[in-house]
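Read through the structure below, which is laid out as structure tokens, and then see the notes.
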Amino acid sequence: MDGSKQHPKTTAGLDIGDRYSYLCLIDTLSGEVIEEGRLPTSPETFRRRFASEQPMRIAVETGTHSPWVSRLLRECGHEVLVANARKLRLIYANRRKTDEVDAENLARLARLDPKLLYPVAHRGEDSQAHLAIIRSRQALLDCRTQLVNHVRGAVKSFGHRLPKCPARSFHKKAPEHIPEALSPALEPILEQIASLTERIRDYDRQLETVSEEHYPQTELLRQVEGIGPLTALCFVLTLEDPHRFERSRPVGAYLGLVPASDRERDPQRRISKEGDEMLRKLLVSGAHYILGPFGSDSDLRRHGQKIATRGAK
């Protein structure tokens, strides 16, 4: 085996900015800085800069650009470590916080021990694109919720109340209960709510197609009552490679669904809330359905009820 691939002669730290990125190259053996510089943050520039370099270890931080940057650098033959930005207190607590200093700190941490970076694995390009559909749908859902709350609040200020109804049918049921004086102000809002509802339905149909064509394993997850196509697809895309986990138990910790540990203070702490927030909310929502009044009797429901009888939340 080529020893140079095991121990690259050069280690790099790349602090990625929106317009420019700062690069620091250090000698892996001596730790001396070989090169420092700034380059535009673009695929063309990065490819020109790194395609002709000997294989090296490059550390970058998680961020908006880190998925495509890490993929591009691996295509150029380099070992890439994507550092967990939330764990790098050495960088964030540094009073001399500049992009140049951050790049050098990343390089030195990668040279010393990659585990200090708490490296994360970015998902593939296809998975990222499909997950973007789910996140775009969620963005429209949040906008619709905000507009519905605005209409309800405006009507309350006139001494009236709108009846309870699902958000998807709100634009149909609300108009007849809106005071005439508020109609000019709220009719355009109701039209926007109707448009958002239709766009959300389009996303739902698109997600069904994506699940059927690309992720047949979602059918297995949907056999669980309370787990629909959205939750199943989000689960598959977030984990992407299940073989990263030796057992099923660490998946709960990866998604922040296990209690945070602090033996010195409170052994019954709340869940850690690490990992993907949207998937965690979807899974909690599914659990509420299974344990709620509409959930049918099943082994999973009885298991949840058994846990609930222990008294902890």
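Taking the Cα atoms only, what angle lies between the long axis of helix 183-214 and the longest principal axis of the chain, rounded to 10 degrees?
The angle comes out near 60 degrees.
Computed over the Cα atoms of segment 186-244, what is the convex hull's projected area averaged over all directions, in nm²?
On the way: hull surface 21.0 nm².
Hull-based average projected area comes out at 5.3 nm².
If the elastic network links every pair of Cα atoms under 10 Å, which of C76, C234, C165 fluctuates the most in the Gaussian network model of the chain?
Ranking C76, C234, C165 by mean-square fluctuation puts C165 first.
Output wanted: per-residue J couplings in Hz (rounded whole) for segment 30-44, from phi through Karplus 6.51 cos²θ - 1.76 cosθ + 1.60, θ = phi - 60°, x for Gly and Pro.
Once θ is set to phi - 60°, the couplings for segment 30-44 become 8, x, 7, 6, 8, 8, 9, x, 10, 9, x, 7, 8, x, 5 Hz.
Using only Cα atoms, what Kirkwood radius does segment 196-313 have, in angstroms? Present the calculation step by step, with values, prior to reporting the outcome.
On the way: mean 1/r = 0.0620 Å⁻¹.
Across segment 196-313, the inverse of the average 1/r is 16.1 Å.
Over the alpha carbons of the chain, what is the largest minus smallest coordinate on each principal axis, giving the biggest first in Å?
Reported extents, whole Å, longest axis first: 75, 51, 46.
Could you report the accessible area of L147 in Å², rounded to 10, computed with a 1.4 Å probe on the protein chains as they sit in the structure?
My reading of the accessible area for L147 is about 40 Å².
Along Cα→Cβ, 7 Å out, is where each label goes; now give me the distance between the ones at S296 and H150 in nm to one decimal.
4.2
Report the extension gain between Q206 and R270 in nm, rounded to one decimal, defined as 0.36 nm multiplied by the number of residues separating them, less their alpha carbon distance.
On the way: separation 64, 0.36 × 64 = 23.04 nm, distance 3.58 nm.
Extra length from Q206 to R270 when fully extended: 19.5 nm.
Using helices alone, what [θ] at 222 nm do you get for the chain, with -39,500 (n - 2.57) per DSSP H run of 4 or more residues, divided over all residues and rounded to the nearest 500? Could the numbers behind the result be given before it?
Working: 13 runs with 154 residues, N = 313.
Helices in the chain give a 222 nm mean residue ellipticity of -15000 deg cm²/dmol.
Using heavy-atom solvent-accessible surface (probe 1.4 Å) with all chains present, what is the largest-first order of M56, M278?
Details: M56 5, M278 25 Å².
The ordering from most to least exposed comes out as M278, M56.
What ³J(HN,Hα) values, in whole Hz, does the Karplus curve 6.51 cos²θ - 1.76 cosθ + 1.60 give for segment 215-221 when θ = phi - 60°, with x put for Gly and Pro?
Computed from phi, the couplings for segment 215-221 are 9, x, 5, 5, 5, 5, 5 Hz.
Quick one: if you stick a label point 7 Å off each Cα along the C-beta vector at R89 and L39, how many nm between them?
Distance between label points: 3.4 nm.
Place +1 on the Cβ of every Lys and Arg and -1 on the Cβ of every Asp and Glu in segment 141-300, take the dipole about the Cα centre, and give the residue among L283, S298, I271 whose Cα lies farthest towards its positive end.
Farthest towards the positive pole: I271.
Name the residues whose placed amide hydrogens come within less than 5 Å of the amide hydrogen of L81, ignoring near sequence neighbours (fewer than 5 apart) on the same chain.
HN-HN under 5 Å from L81: I58, A59, V60.
Taking 35 Å as R0, compute the FRET efficiency from the Cβ-Cβ separation of L182 and A139 and round it to 0.05.
The value I calculate is 0.80.
Round to the nearest 10 and give me the degree value, 0 to 90, for the angle of helix 66-75's Cα axis relative to the longest principal axis of the chain.
Compared with the principal axis, the helix lies near 40 degrees.
In what sequence, largest accessible area first, do F235, F46 appear using a 1.4 Å probe? Write down the numbers at each step before the final one.
Working: F235 50, F46 0 Å².
So the residues, ranked largest to smallest area, are F235, F46.
So how strong a dipole does the chain carry about its Cα centre when Lys and Arg Cβ are +1 and Asp and Glu Cβ are -1, to the nearest 20 debye? Display every interim value, and only then the final one.
Numbers: 49 positive and 43 negative charges, 281 e Å.
In total the dipole reaches around 1360 debye.
Charges at C-beta only: +1 for Lys and Arg, -1 for Asp and Glu. How large is the resulting dipole of segment 199-264 about its Cα centre, in Debye rounded to 20? Please report the intermediate quantities before stating the final value.
Numbers: 8 positive and 12 negative charges, 27 e Å.
For this selection, approximately 140 debye.
Angle between the Cα long axis of helix 299-308 and the longest principal axis of the chain, 0 to 90 degrees, nearest 10?
Approximately 80 degrees, to the nearest ten.
Using a Gaussian network model on the chain with a 10 Å cutoff between Cα atoms, which of L221, L182, L141 fluctuates the most?
The residue with the greatest mean-square fluctuation here is L182.
Between I34 and residues 5 or more places away or on another chain, which pairs have amide H atoms under 5 Å apart, with H built 1.01 Å from N, and which residues are they?
L25, I26, D27
Pull up the cross-link candidates among the lysines for K87, meaning alpha carbon to alpha carbon under 26 Å and not fewer than 8 places away within one chain.
Straight-distance partners of K87: K97, K115, K273, K281.
With every protein chain left in place and a probe of 1.4 Å, what is the accessible surface of E176, to the nearest 10 Å²?
Rounded to the nearest 10, that gives 150 Å².
Just reorder S52, S127, S298, S30 by solvent-accessible area, largest first, 1.4 Å probe, all chains present. If you can, show how the numbers build up before the last one.
On the way: S52 100, S127 15, S298 40, S30 65 Å².
Ranked list, largest accessible area first: S52, S30, S298, S127.
The values are calculated or read from the model by the stated rules, or taken from the named source; none is laboratory data. A quick note: this is a predicted structure, and the numbers were derived from the prediction, not measured. When we count neighbours, we look across all protein chains shown, and the Cβ atoms used for this are built from the backbone with ideal geometry, even at glycine. Please note that ligands, DNA and RNA were not included when accessible areas were found on the heavy atoms of the full protein model with its side chains. Shrake-Rupley method; radii C 1.70, N 1.55, O 1.52, S 1.80 Å.
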